[in-house]
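The values are calculated or read from the model by the stated rules, or taken from the named source; none is laboratory data. Small disclaimer: the values here were computed from a predicted structure and weren't measured. Here the Cβ positions follow ideal geometry from the backbone for every residue, glycine too, while neighbour counts run over all protein chains shown.
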Amino acid sequence: MQTHNLIDGAWVGASDGATLRVTNPARDEVIAEVASVGAAETRSAIDAAWRARESWAAKTAGERGGLLSALAGLMRRDTDRLAALMTAEQGKPLAEARGEIAYAASFLSWAAEEGKRLTGDIIPASAPDKRILVLRQPVGVTGIITPWNFPAAMITRKLGPALAAGCTVVIKPAELTPLSALAIGELACEAGIPDGVVNIVTGDAATIGDALFDDDRVRKLSFTGSTRVGQLLMSKASEHLLRLSLELGGHAPFLVFDDADVGKAVAAAVACKFRNAGQTCICANRFYVQDGVYDEFVAGFTEAVSKLTVGDGAHEGVDIGPLINDAAVEKVESHVEDARSHGATVPVGGDRVHPKGLANRFYAPTLVEGMTPDMKLASEETFGPVAPVARFTAEREAIELANASEYGLAAYYFTRDASRLMRVAEALEYGIVGANDGGPSTAQAPFGGVKHSGFGREGGKYAMDEYTEIKYVSWQL
Ligand code: SIN
C-alpha cells in the first residue's frame, strides 16, 4: 500500500515526517498513515508539473491517449485490489467499489479517444489577405481537489480530460480517502506517464489548497465537494482570476407521475437513493409521488428498502456500508428526528443499526412519509440512506416543488406520457435529468450542475472545454 506522495515521479514523505491517519469507517481501525505535506511540498509538486508541461503538451494526442489507455487497462487489471482498498478506506460495499473502478477507468478510456478529436477552426476572414485560425491549447498546470465519496472516479473524471488536453496536474485527494488516489498514482507510473505530469499530495486541505491558489503557475482548479467549500474556493480564485470547475452539492428530487411504470420507478428509486449509502451528490434526496400511484409506490418502496442488508462493505452481499464518520451519522439522525418532530412517520428504519463487532456508524435504510417543506430533509442535502416521500396532485405543483431548491445538480422523474416526458425535462432547473432513469452517470455524458451545485461539465467531449484555452490567430498573408 502506497503511503508517500508522488512528486516528479518520486515517492516522498512530508519533509517534517508528518502523517495523517486513514481509518476504516466500518471497523474504526487505523489502516494506514499517509504523508501529510504542507505548502513547501505542494510547491515542489507545482514545480514538477510546471517543468513537465511543455513536453507533455508537445506529445501527440495519440501518444497521450495511449498512456491514458494504458492506465485504464492497469486499473481494470487491478480491479479487485483497488476495490478492496476503496472499501477499506471509504466503506462502500465491494460490488459498488468494483463498479467504481470500472467507472473510473471508463473516464480515462473516453478521454484517451476524445483528445484525438480536439480540433480548432479556420474561419472565413473579413479581408482577402487575412486568415483566422482558432487553436485549442492546454490550460496548463491544473489543480485537482477531490472528495471522499468516490475516491477513484472523481479523480479520473478530471485527470482523463486534463491529461488528454495536454495539461499536467497536482491532485489533492480527500484526507479521508487518500489510499485510492495514491494507488492510481502508482499505476500512472507503471503505465509510463512521464515524471511530473501527475503529482499527488496528501494532507491538510486548507494548506495545500492555499499553496495551489497562491501560485500563479497553476492556471486551473477543478473541485468536487461541498457548496460551502466551493464558495470559499471561488472567492479565493477571484484574487488570482483562476479558472474553476465546481461540482458541488445536490438535493435531487424524484418525481413519480400517475402514468409511470411504478415497478420501474421503485427499482430506480432504490438504486438511486441507496448507492453508496446515500452519500452521492446525485442521489435522489426527496421523493414526490402523485396521488393516483402514491400507495402503490410507497408499498413497493417500503418492501424493497426493508430487504436491504447493512454491514461491513468488505463482506459480499452487503447493500449498505457505514457512513463515512460520526458527524455524517449525526447529521442523518438530526434530519430524521427533525422530520419526526414535524409530524413525519417512519415506516422502515429510522435509527442506527449495530452490526456485531463493527463501529457505531451504520444507519438503517429509512423511509420517511409525510415530508413537508419546513423539514430539513426537504431542503438540505442529507447524504445518508434516508428517503423522504411526499404527495402531489398536479404536474405544475411537482415541478415547483422540484425546483424549490438552491441546488441544481440532478433530478429524476417517471412517466409514460411522451409529451410530459419532454415538458418536464425542459422545466426542471437541473444540469442532469434522469427521465425514467435513476442512473444517468456515464463517461460520455456531461456531468455538472447549475445554481449552488456549481458550474463546468465533466465527462464526454464537454470536459475537454474545461482544460483548454482558445487562441485566436489573426494571420495577414
Ligand atoms: C457524485 O457524488 O457526484 C458522483 C456520482 C456519479 O458520478 O455518479
Notebook entry, point to check: Got a sec? Which of ALA88, ALA84, ALA111, ALA105 is modelled with pLDDT of 95 or more, surrounded by fewer than 23 Cβ atoms within 10 Å (Cβ to Cβ) and not aromatic (Phe, Trp, Tyr)?
Noted result: ALA84
Check: Tell me, which strands (runs of 3 or more DSSP E) lie completely within segment 230-299 with 3 or more residues that are within 16 Å of the ligand (Cβ to nearest atom) and within 30 Å of ASP215 (Cα to Cα)?
Finding: 243-247
Next item on the list: Run GLU113 past the list (1) closer than 21 Å to ALA277 by Cβ; (2) touching a residue at least 24 places away in the same chain (Cβ under 8 Å) and report the number of the one that doesn't hold.
Entry: (1)
Margin query: Kindly evaluate THR3 against the criterion of being hydroxyl-bearing (Ser, Thr, Tyr), in contact (Cβ under 8 Å) with a residue 12 or more places away in the chain and closer than 22 Å to ALA88 by Cα.
Written below: yes
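If I filter segment 300-326 down to residues being in contact with a Pro (Cβ under 6 Å, 6 or more places away or on another chain) and in a helix (DSSP H, G or I), which single residue comes out as nearest to the ligand (Cβ to nearest atom)?
VAL305
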Next item on the list: Output the qualifying pairs, or none if there are none: Cβ atoms under 8 angstrom, residues six or more apart or on different chains, first residue in segment 262-289 and on the phi > 0 side of the Ramachandran plot, second residue assigned to a strand (DSSP E or B) and more than 10 Å from the ligand (Cβ to nearest atom).
Entry: ALA277/ILE320; ALA277/TYR363; GLY278/VAL386
Notebook entry, point to check: Counting only residues that are surrounded by 24 or more Cβ atoms within 10 Å (Cβ to Cβ), assigned to a loop (DSSP other than H, G, I, E, B) and among the aliphatic types (A, V, I, L, M), how many does segment 123-173 have?
Noted result: 1
Next item on the list: Scan segment 395-404 and give yes if some residue there is of a type outside the set (Gly, Ala, Ser), touching a strand residue (DSSP E or B) at 6+ places or on another chain (Cβ under 6 Å) and either crowded, with 19+ Cβ neighbours inside 10 Å or part of a loop (DSSP other than H, G, I, E, B) (or both), otherwise no.
Entry: no
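Please go through segment 439-462 and give me each residue that is within 11 Å of the ligand (Cβ to nearest atom) and not hydroxyl-bearing (Ser, Thr, Tyr), ordered by number.
Of the residues in segment 439-462, the ones within 11 Å of the ligand (Cβ to nearest atom) are 439-443, 445, 447-449, 453-454, 458-459.
If the condition is that a residue be within 11 Å of the ligand (Cβ to nearest atom) and not hydroxyl-bearing (Ser, Thr, Tyr), then GLY439, PRO440, ALA443, ALA445, PHE447, GLY448, GLY449, GLY454, GLU458, GLY459 are the ones that fit.
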Notebook entry, point to check: For segment 409-432, what are the residues that are surrounded by fewer than 18 Cβ atoms within 10 Å (Cβ to Cβ) and either within 16 Å of the ligand (Cβ to nearest atom) or of a type in the set (S, T, N, Q) (or both)?
Noted result: SER419
Checklist line | Where a residue in segment 180-201 is in a helix (DSSP H, G or I) and its partner, wherever it lies, is surrounded by fewer than 22 Cβ atoms within 10 Å (Cβ to Cβ) and among the β-branched types (Val, Ile, Thr), with Cβ under 8 Å and at least six apart | finding: LEU182/THR3
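Conditions (1) outside the structural domain of ASN149 (by TED's automatic domain parsing); (2) buried (at least 23 other Cβ atoms within 10 Å of the Cβ); (3) among the hydroxyl-bearing types (Ser, Thr, Tyr); (4) more than 18 Å from PHE213 (Cα to Cα), marked per residue:
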| position | (1), (2), (3), (4) |
| --- | --- |
| ALA14 | no, no, no, yes |
| ASP28 | no, no, no, yes |
| ALA32 | no, no, no, yes |
| SER36 | no, yes, yes, yes |
| SER44 | no, no, yes, no |
| ASP47 | no, no, no, no |
| SER55 | no, no, yes, yes |
| ALA58 | no, no, no, yes |
Note to self: For a quick check of your reading of the model, give me the residue pairs whose first member lies in segment 137-157 and is without any contact (Cβ under 8 Å) to a residue 60 or more places away in the chain, whose second is within 12 Å of the ligand (Cβ to nearest atom) and in a loop (DSSP other than H, G, I, E, B), with beta-carbon atoms closer than 7 Å and at least 6 apart or on different chains.
What the structure shows: ILE155/THR146
Next item on the list: Pick out the one residue from VAL386, VAL368 that is over 25 Å from the mean Cα position of the chain (by Cα), assigned by TED's automatic domain parsing to the domain that holds VAL298 and more than 30 Å from VAL134 (Cα to Cα).
Entry: VAL368
